[in-house]
Amino acid sequence: LHDSVKQQLFSITLSAATALNLLSIDPEATRSYLEHLKRSSREAQAEMTGLLQELVPVPLQENHLNEALERYTRQLGTVHHLQVVWSSSGTNCLSIAQEHVLFRAAQEAIANVIRHSGASSVKINLDFGPETILTIADDGHGFDPEAVLPGSTGLATMRNRLERVDGAVWVYSQIGKGTQVEIRIPFQGEKLRRSHKEDHEQIPRNADPNSDRG
């Protein structure tokens, strides 16, 4: 564990022991220690979340990206009664770091489908090429991108992570017409070459590529 996490856990242990000793003789002091426990546990949780996000996902330790992602999504589909239509094409030339980022971004996007969309099916396409493009489209109830508060979901985290590998994510949705998430990562050392607008004239004009979904 990172040193800061160990220090936080040690502090939590001491505070808990002190609070137990003071519980019957000084309720006000006990309350102060409990507040410290609450604050420290939240800080430790945030630190652990950051550390875990930097670890290589377990599925990628045993499988190639397309195999790991297909297995992961199909398992989630079975558990959550969601029909998964999977397809992939091309040759994977991504670096390990890019695979890591893409898998984490896919996890967040699929989690949003399960938590928020009310979808019965989701189509996932992974296309390797000069730009690796992962598209996740559900048949859920959709949402109005303009009505979503900025920064209210994991999409902000997803964007920040993708920026490390010069990638990007776009979200398109209309109420009653589902949601499409598109993630693009260029070949290592290159930048995204085509504008998303040029590639997707069929996407509704009111869909906001910078909207967050929560």
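Observations on the structure shown:
- Residue within region 82-89 that is at pLDDT below 90 and out of contact with any Pro (no Cβ under 8 Å at 6 or more places or on another chain) present: yes
- Qualifying positions in region 62-93 - surrounded by fewer than 13 Cβ atoms within 10 Å (Cβ to Cβ), among the hydrophobic types (A, V, I, L, M, F, W, C) and not in a strand (DSSP E or B): Val79, Cys93
- For beta carbons closer than 8 Å, sequence separation of 6+ or different chains, a first residue in region 23-47 that is over 12 Å from Thr13 (Cα atoms) and a second that is among the small types (Gly, Ala, Ser), the qualifying pairs are Thr30/Ala19; Glu47/Ser4.
- Among (1) over 21 Å from Leu65 (Cα atoms); (2) assigned to a loop (DSSP other than H, G, I, E, B) - the single one Ala156 does not satisfy: (2)
- Test result for Glu62, at pLDDT below 85 and of a type in the set (D, E, K, R): yes
- Cβ-Cβ contacts under 8 Å between residues 6 or more apart (or on different chains), taken from a first residue in region 169-185 that is more than 19 Å from Thr157 (Cβ to Cβ) and in contact (Cβ under 8 Å) with a residue 60 or more places away in the chain to a second residue that is among the polar types (S, T, N, Q) and outside any loop (DSSP other than H, G, I, E, B), are listed as Gly178/Ser117.
- Qualifying residue in region 101-118 (condition: assigned to a loop (DSSP other than H, G, I, E, B) and at pLDDT below 90): yes
- Candidates Phe187, Phe128, Phe143, filtered to the one that is modelled with pLDDT of 90 or more and of a type in the set (Phe, Trp, Tyr): Phe128
The values are calculated or read from the model by the stated rules, or taken from the named source; none is laboratory data. Note that this is a predicted model, so its numbers are computed, not measured. Here Cβ is always computed from backbone atoms with ideal geometry, including for glycine, and neighbour counts include all displayed protein chains.
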